[in-house]
């Protein structure tokens with residue numbers, strides 16, 4: 001179900017989320033949001049994070065462009081109970097190099113960020129891993 005409302009942005013860039021939408025999505029005061037700007041579509045998305053204690057990171061992985069490479073990385077993510085919030089993958093050079101960018105939440109993870117990164121780095125298909133905490 002989609003709900004539409006027209007809102008205004010104030011001089012400080014603030015936008016009020018209508019009460020009807022807050023209620024339907026169970027949005028509460030103090031919740032964190034991930035803001036995604038899609039330049040190509042000229043859209044902004046607000047993605048509510050379940051907990052204010054969410055540990056959100058941006059992960060960029062360069063891997064070999066071969067069958068099963070991405071699934072091996074995602075298996076590590078799933079096995080460690082890391083929540084995928086947003087992902088994007090692309091082939092950089094067909095048959096050679098691919099890139100996967102993910103926004104992930106480590107708040108329920110069974111291992112530390114460092115341990116998960118090392119586990120991903122140990123995969124034979126993975127060339128490089130970059131990770132950055134999002135505030």
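Before anything else, pin down the relative contact order of the chain: Cα pairs under 8 Å, at least 6 apart, normalised by residue count, whole percent.
Numbers: 201 pairs, mean separation 33.2, N = 135.
Here the relative contact order equals 25 percent.
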*Taking Cα atoms, how many degrees apart are the long axis of helix 69-79 and the longest axis of the chain, rounded to 10 and kept between 0 and 90?*
60
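Let me know the volume per residue of the alpha-carbon convex hull for the stretch 56-133, in Å³.
Details: hull volume 5.7 nm³, N = 78.
Convex hull of Cα atoms, per residue: 73 Å³.
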*What ranking do 57, 4 get, fewest neighbouring Cβ atoms within 10 angstrom at the top?*
4, 57
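Tell me what the chain gives for mean residue ellipticity at 222 nm when only DSSP H runs of n ≥ 4 count, each as -39,500 (n - 2.57), the sum divided by the residue total, rounded to 500 deg cm²/dmol.
-5500 deg cm²/dmol
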_GNM top mover of 80, 42, 26 - the chain, alpha-carbon springs below 10 Å_ = 42
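Using Cβ counts within 10 Å as a stand-in for footprinting exposure, how do 9, 134, 63, 1 rank, fewest first? Working shown, then result.
Working: 9 9, 134 14, 63 23, 1 3.
Result, fewest neighbours first: 1, 9, 134, 63.
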*Among 68, 30, 13: highest mean-square fluctuation, GNM of the chain, C-alpha pairs under 10 Å*: 13
*asked:* Can you tell me which of 15, 36, 56 moves the most in a GNM of the chain? Springs connect C-alpha atoms under 10 Å apart.
replied: 15
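Just want to confirm a number: the relative contact order over the stretch 56-133, from Cα pairs under 8 angstrom separated by 6+ residues, in percent. Please list the in-between numbers first.
Details: 144 pairs, mean separation 36.7, N = 78.
Across the stretch 56-133, relative contact order equals 47 percent.
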_Estimated D of the stretch 1-71 in µm² per second, where Rh is the Kirkwood radius over Cα pairs and Stokes-Einstein applies at 10 °C, 1.306 mPa s_ = 102
*Sorted by Cβ neighbour density within 10 Å, fewest at the top, the residues 106, 33*: 33, 106
*Cα gyration tensor, the chain - rounded (a/c under 1.5), prolate or oblate*: prolate
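Read-outs throughout are calculated quantities, based only on the coordinates presented, and are distinct from any laboratory measurement. No experiment lies behind these values; they were computed from the predicted model shown. Quick reminder, even Gly has a Cβ in these numbers, built from the backbone with ideal geometry, and neighbours come from all protein chains shown.
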